[in-house]
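Notes follow the structure.
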């Protein structure tokens, strides 16, 4: 049987074109599957977009879901030498502060002349010794163990600093071939250091010091002392120059001794206002995402749905999320005399669904009805309040077993099935096309033989007629 590199050569028929057209027709069986794959992939991507938008809104909602925002205060000082800040719980009012003494950190230095920072200063015959540093404010003393060959100034410095105890060690070059070890504690008398060395008399003769007696082999460069101040005539003493609880909720940073400095603490709505604005902005951004994912483009009757439609148009999961987030707007469940956000200046546009702020009305609500505004927005922080309820909803949507993850899992399962279907149909098409090709090849061969026979017979008849 003759073989041909191209179909139709033997038969002079357009078999190649016919096979191509038949193959194209067969491959149309894949179109419904690829369309479903594309739709499912688009939905999977859309759920990822939805999840990301929800997470951004969750961040803003969490920030507003904080009762302390509505207890914010601001403080001013009559002098730059006394810094002041406040936290939740600070009571508005005026305070007179005088600072008579700043807290100081004790500092000790070695006294013996040490010519090298690498020189071994301990007894070289001893395998291990312990430096013990006791402080009144520490329940257990700090113990620094040094092995053989670990008694140089550098070794001691590093061992103390590595202990991360609040005591810092540094080396000072006094002059050529004269180095000293300086130890500095945290401020206050509770951090005064008493130092002893066990199992190494040589090192003990370098480092020992008794703070109670004020004597030893080291010398005191700076003595420890506490901060002393008065607030509205009340005597106060603290270990540090940062005073965080006198008065409560107010932090004083002492930098110099001052007399009769005035501290004024006033209520501030700035943090709450900022958080509310950020929350509204984040919600409106989420609404934009909802709109994009559910967009509908109208088509003529009988036409296929527009390719511009949102991937989650008519999606029940997205609709559940929309309704769940909006529900607390109408029912906060709180005891606030304010029942809706419109009463504090936050309204919802009936057309777009976005929120708008009447800044003047919001400012008045925060100023005149702080507790009621807080109760409406935050509630008890567990079950009531707009942001509390929303927090519960959003957390469930974003959970590992939440409705978004479940929807994504279902889509991924569908995509796996569609992949299998695609392979099955594709293999079936290959078989059909191969069968067509075999049949066309056979036809081509038969037609070639018939054409050859016809030509031969024609030649014979022509020869007979001419004889």
What do you get for the angle between helix 31-64 and the principal long axis of the chain? Use alpha-carbon atoms, 0 to 90 degrees, nearest ten. 20 degrees
Projected label distance in nm at residue 45 and residue 171, using a 7 Å step from Cα toward the beta-carbon: 6.2 nm
Measure nothing but the geometry: give the 0 to 90° angle between the long axis through the Cα atoms of 359-368 and the longest principal axis through the Cα atoms of the chain, rounded to 10°. 40 degrees
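Which whole-number percent gives the relative contact order of region 348-399, counting Cα pairs below 8 Å spaced six or more residues apart? Can you show the working numbers first?
Details: 26 pairs, mean separation 7.9, N = 52.
Over region 348-399, the number comes to 15 percent.
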If packing is taken as the mean number of other Cβ atoms within 10 Å per residue, what is the order of 190-199, 30-39, highest first? 190-199, 30-39
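Can you sort 336, 78 by how many other beta carbons sit within 10 Å, fewest first? Mind showing how you got there, number by number?
Numbers: 336 22, 78 15.
In increasing order of surrounding Cβ atoms, one gets 78, 336.
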In nm, give the distance between the simple-model label positions of residue 414 and residue 100, each being 7 Å from the Cα along the Cα-to-Cβ direction. 7.9 nm
Where the centre of each part is set by its Cα atoms, how far does region 309-373 sit from region 29-105, in angstrom? 19 Å
Given a Förster distance of 51 angstrom, what is the FRET efficiency for residue 285 paired with residue 21, based on the Cβ-Cβ distance and rounded to 0.05? 0.50
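Please compute the contact order of the chain in relative form: average sequence separation of alpha-carbon pairs under 8 Å and at least six residues apart, divided by the residue count, as a percent.
Relative contact order for the chain comes out at 22 percent.
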Computed from the coordinates I sent, Cα extents along the principal axes in Å equals one of [x] 149, 76, 34; [y] 66, 48, 46; [z] 94, 57, 43. Tell me the label. [x]
What is the calculated FRET efficiency for residue 422 to residue 330, with r their C-beta to C-beta distance and R₀ = 51 Å, to the nearest 0.05? 0.60
Quick check: pseudo-label points 7 Å beyond the Cα along Cα→Cβ at residue 347 and residue 85, how many nm apart are they? 4.0 nm
Using the alpha-carbon atoms, what tilt in degrees (0 to 90, nearest 10) does helix 316-330 show relative to the longest principal axis of the chain? 40 degrees
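Fully extended, how many nm does the chain gain between residue 400 and residue 431 (0.36 nm per residue separation, minus their Cα-Cα distance)?
On the way: separation 31, 0.36 × 31 = 11.16 nm, distance 4.37 nm.
Stretched fully, the residue 400-residue 431 segment lengthens by 6.8 nm.
Which value in deg cm²/dmol, rounded to the nearest 500, describes the helix-derived mean residue ellipticity at 222 nm for the chain, given -39,500 (n - 2.57) per DSSP H run of n ≥ 4 and division by the residue count?
Values: 10 runs with 198 residues, N = 467.
Estimated from H runs of four or more residues: -14500 deg cm²/dmol.
So if we plug the beta-carbon distance of residue 339 and residue 267 into 1/(1 + (r/R0)^6) with R0 = 30 Å, what FRET efficiency do we get, rounded to 0.05? Write out the running numbers ahead of the final one.
Numbers: r = 25 Å, r/R0 = 0.82.
Computed FRET efficiency for residue 339 and residue 267: 0.75.
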Under 8 Å for C-alpha pairs, at least 6 residues apart: give me the relative contact order for region 105-222, rounded to a whole percent. 38 percent
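All of the numbers you see were taken from the coordinates with simple rules; none came from a lab. Treat the numbers as computed from the prediction; the structure is a model and nothing was measured. Positions of Cβ are generated from backbone atoms using ideal geometry, with glycine treated the same way; all protein chains shown enter the neighbour counts.
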